[in-house]
Amino acid sequence: MKVRNASQLLNGEQSEILGIDYNHPSARRIIEVGFTPGEEIKVIGKSLFDDPIAFSIRGTVIAIRKSEASSIIIR
């Protein structure tokens, strides 16, 4: 199984969060807004140059920077 990060997902693609790179400066904020292991995420939209990226998670839409999405490890 190839491990990817959330910034690599395509529009409309869905995946499960496996973990967070806790060395990333925004790791705590990412967890606080709901990106936790076991949650399903779906890419709702990407802005120009894929930054920011809008995800559907826990019934809401949250947009985060591409660099933050790269710290979210997915299946």
Original post:
Considering segment 33-51 alone, what residues qualify as being farther than 11 Å from residue 62 by Cβ and of a type in the set (Gly, Ala, Ser)?
Top reply: 38, 45, 47
Original post:
Which residue out of 74, 20 is touching a Lys or Arg at 6+ places or on another chain (Cβ under 8 Å), modelled with pLDDT of 95 or more and at negative phi?
Top reply: 74
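The values are calculated or read from the model by the stated rules, or taken from the named source; none is laboratory data. Please read all numbers here as calculations on a predicted model, not as lab measurements. Please note: Cβ atoms are built from the backbone with ideal geometry, for glycine as well, and neighbour counts cover all protein chains shown.
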